[in-house]
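Take a look at the structure set out below.
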Amino acid sequence: MPYIEKVTKAGKTCIYERTYSTYAHPKGERRARKEKPTIETQEKINNRKQAREICIYLNANFRGGDYHVTLTYEKDKRPTDPDDAKQDRKDFLKRLRRRMKKEQMDFRYLIVTEIGTRGALHHHMVLNQIPVEWIRQAWKKGRIDVRPLDDSGQYSRLADYLAKNLLKWKKAGGTGRGWTHSKNLYRPETVKRIVTRNRFRTEPRIKKGFYIDRDTVECGISEYSGYEFLRYILVKEERSGP
């Protein structure tokens, strides 16, 4: 009973996705009726893909003690549209990059420009540890909120949070995608293989030295293939004692 398995090793995590496809599925298995997705459904599918991609970058490049920073605007400095906010983002990164280069320090970041539930534009940024004062000086449009990442190395919830409002980006007239990252971020390879010997199970398999993050377990029928799928994340266990 062949199926496709995709595995991405990102930092302390292993991100799994299993699914049947039109060319790898049980013999005689009939897929669910496939209907053309509505615009809204397609947007949600694309949003999930963005969240998954952001998760891979976060897990592979950041660790506990690095920062999640929110950049907000003072009332009289708010941008009028998403592209104005995008320019503010570029100016901010330019100033901060210049400071990091001057201090000869590594600078890694992923930044998302979002439109909140009340329509307020703001930016979320994940970056390596640097003096907070440098961030404050580089952001000249309002306040900053800085929160350190936890030590788990598993930041899928943060990725979901960062991606949740990206659907509004293009609807509001924003060009391109609403997020970007520094060129020095590592994107681990996603290894894809066709499994022929093992039976497709809708229950994740535990790998020695890892535990299953149960909140990441998803199973159901794929919108693309019409067959079953399973997604989950394994997290490396921390060793205790000397």
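So what is the accessible area of segment 77-125 per residue, in Å², with the probe set to 1.4 Å? Don't jump to the answer; show the numbers that get you there.
Values: 2780 Å² over 49 residues.
Using a 1.4 Å probe on heavy atoms only, each residue of segment 77-125 averages 57 Å².
How long is segment 114-154 along each principal axis, judged by its Cα atoms, biggest number first, in Å?
If we take the Cα atoms of segment 114-154, the spans are 33, 27, 11 Å.
Over all directions, what mean area does the Cα convex hull of the chain project, stated in square nanometres?
Over every viewing direction, the Cα hull of the chain projects on average to 16.1 nm².
Given the DSSP H assignment, sum -39500 (n - 2.57) over each helix run of at least 4 residues in the chain and divide by its residue total; what's the result at 222 nm in deg cm²/dmol, nearest 500?
So the helix-based figure for the chain works out to -8500 deg cm²/dmol.
Given H placed on each backbone N at 1.01 Å, which residues far from Tyr20 in sequence or on other chains put an amide H within less than 5 Å of it?
Ile4, Glu228
For each pair in Lys168/Lys207; Lys86/Lys207; Lys44/Lys86; Lys75/Lys183; Lys75/Lys171; Lys102/Lys140, compute the distance between the two Cα atoms and list the pairs where it is over 30 Å.
In this structure, Lys168/Lys207; Lys86/Lys207; Lys75/Lys183 lie more than 30 Å apart at Cα.
For segment 62-220, what's the relative contact order in percent, using C-alpha pairs closer than 8 Å and at least 6 residues apart?
For segment 62-220, the relative contact order is 33 percent.
The values are calculated or read from the model by the stated rules, or taken from the named source; none is laboratory data. Everything numeric in this text was worked out from a predicted model, so none of it was measured. Remember, those area values only see protein heavy atoms, side chains included, never the ligands or the DNA or RNA. Shrake-Rupley method; radii C 1.70, N 1.55, O 1.52, S 1.80 Å.
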